[in-house]
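Here's the structure, in structure tokens; my notes come after.
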Amino acid sequence: MVPVSYYVGLSAVLFSIGALGVLIRRNPLVIFMSIELMLNAGNLAMVAFTRMFLVLEGQIFVFFVMTVAAAEVAVGLALIVTIFRSRHSIDVDLMSNLKG
Amino acid sequence: MTVELALFFILAIIAIGSALGMLLSSSTVYAALYLVLNFCTVAVFYILLNAPFIAMSQISVYAGAIMVLFLFVIMLLGTQSVPPSKVLPWQRPVAMGLALLLAAEAAYLLFVRGAAAGSIPQPVESFGSPQAVGRALFNEYLLPFEITSVLLLVAMVGAIILTRKEKGRR
């Protein structure tokens with residue numbers, strides 16, 4: 001049996017990679033994918049702890065996190081498409097119009 | 001039980017490698033495909049952790065629906081690559097340092113506290129089975145489940161309104 005701490009360590013590594021992706025990439029699609037990676041890492045840790053403490057509620061909440069992620073992706077991608085239509089560029093560094 | 005450990009390490013290498021591939025690939029389509037691979041390996045981890053229902057919804061929701069949506073949007077926007085930034089040149093090294101710090105913090109906490117989380121109890125036969133998950137979902141968690149459907153409806157309406165072309169303004 002694989003120790004639960006291995007799964008939690010793997011999820012920490014995946015979360016760090018996702019955070020790094022949000023920070024260094026400037027394509028909003030890749031930033032979104034990194035956010036999905038971080039949500040997924042959190043889900044993995046939650047399922048690992050569910051297995052450790054033998055409570056089923058963790059899996060239920062992972063299911064809810066998945067639905068929230070789906071809703072977030074739908075709205076976020078719609079926003080990206082709208083911004084691309086008006087600006088013809090998706091570089092996030094150039095979206096500083098609201099800056100004073 | 002060494003087979004399971006070997007499987008874990010092989011899958012962990014694939015998961016971390018595909019995450020790094022997503023991070024470093026310059027093409028958005030390749031990044032999306034790497035992420036699909038990552039989601040599939042995580043689904044296998046869920047099966048190893050007695051969560052077959054979560055594994056299947058991972059495949060169908062994440063690797064299926066969400067990534068197909070991503071690929072559609074990539075096709076819509078074209079696969080243009082963003083050139084290196086001149087706006088914030090100092091940001092990249094700082095970001096790498098901070099991400100390393102985050103990983104180091106997580107590793108520290110894991111090594112300090114991880115020793116306490118040692119033994120894994122043997123589950124009863126039906127733990128995490130789709131029947132058990134469904135029973136909990138439709139008995140104790142019925143209201144959150146229904147609220148989830150409202151949330152998805154709101155997200156759908158929001159996406160349609162955001163991307164709708166306005167006919168009145170020309």
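The values are calculated or read from the model by the stated rules, or taken from the named source; none is laboratory data. Being a predicted model, the structure only gives us computed values, none of them experimental. Note that each Cβ is placed from the backbone with ideal geometry, even for glycine, and that neighbours are counted across all protein chains shown.
Scanning the stretch A:16-35 for residues that are of a type outside the set (Gly, Ala, Ser), assigned to a helix (DSSP H, G or I) and facing chain B (nearest Cβ under 7 Å) returns A:Ile17, A:Leu20, A:Leu23, A:Ile24, A:Leu29, A:Val30, A:Met33. Pairs linking a residue in the stretch A:36-56 that is more than 18 Å from A:Thr67 (Cβ to Cβ) to a residue that is of a type in the set (A, V, I, L, M) and part of a loop (DSSP other than H, G, I, E, B), with Cβ atoms under 8 Å and 6 or more positions apart or on different chains, are A:Ala48/B:Leu49; A:Arg51/B:Leu49; A:Arg51/B:Ala51; A:Arg51/B:Ile120; A:Met52/B:Ala117; A:Met52/B:Ile120.
Could you please let me know if A:Ile60 is at the interface with chain B (Cβ under 7 Å from one of its Cβ atoms) and not in a loop (DSSP other than H, G, I, E, B)? I'd like the intermediate steps shown before the answer.
Details: at the interface with chain B (Cβ under 7 Å from one of its Cβ atoms): yes; not in a loop (DSSP other than H, G, I, E, B): yes.
Against the criterion (at the interface with chain B (Cβ under 7 Å from one of its Cβ atoms) and not in a loop (DSSP other than H, G, I, E, B)), A:Ile60 qualifies.
Out of all the residues in the stretch A:7-34, which are without any contact (Cβ under 8 Å) to a residue 24 or more places away in the chain and in contact with a Gly (Cβ under 9 Å, 6 or more places away or on another chain)? If the condition is that a residue be without any contact (Cβ under 8 Å) to a residue 24 or more places away in the chain and in contact with a Gly (Cβ under 9 Å, 6 or more places away or on another chain), then A:Gly9, A:Val30, A:Met33, A:Ser34 are the ones that fit.
Taking A:Ile90 and the conditions (1) under 20 Å from the mean Cα position of the chain (by Cα); (2) assigned to a helix (DSSP H, G or I), which numbered condition does it fall short on, given that it satisfies the others? Result: A:Ile90 passes all but (2).
For every residue, the table says whether it meets (1) surrounded by fewer than 23 Cβ atoms within 10 Å (Cβ to Cβ); (2) facing chain B (nearest Cβ under 7 Å); (3) not in a helix (DSSP H, G or I).
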residue: A:Val2; (1), (2), (3): yes, yes, yes
residue: A:Tyr6; (1), (2), (3): yes, yes, no
residue: A:Gly9; (1), (2), (3): yes, yes, no
residue: A:Gly42; (1), (2), (3): yes, no, no
residue: A:Ala48; (1), (2), (3): no, yes, no
residue: A:Met52; (1), (2), (3): yes, yes, no
residue: A:Met66; (1), (2), (3): yes, yes, no
residue: A:Ala70; (1), (2), (3): yes, yes, no
residue: A:Arg85; (1), (2), (3): yes, no, no
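In this structure, B:Leu7 does not satisfy being closer than 21 Å to B:Ala103 by Cα and assigned to a helix (DSSP H, G or I).
Contact annotation: residue pairs with Cβ atoms under 6 Å, 6 or more positions apart or on different chains, pairing a residue in the stretch B:2-19 that is in contact (Cβ under 8 Å) with a residue 12 or more places away in the chain and more than 10 Å from chain A (Cβ to nearest Cβ) with a partner that is of a type outside the set (Lys, Arg) and part of a helix (DSSP H, G or I), are B:Ile14/B:Thr41.
Condition check ((1) at pLDDT 85 or above; (2) under 19 Å from A:Phe32 (Cα atoms); (3) exposed (fewer than 15 other Cβ atoms within 10 Å of the Cβ); (4) not acidic (Asp, Glu)) across all residues:
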site	(1), (2), (3), (4)
B:Phe39	yes, yes, no, yes
B:Val44	yes, no, no, yes
B:Ser57	yes, no, no, yes
B:Ala63	yes, yes, no, yes
B:Phe72	yes, yes, yes, yes
B:Gln80	no, yes, yes, yes
B:Leu88	no, no, yes, yes
B:Val94	yes, no, yes, yes
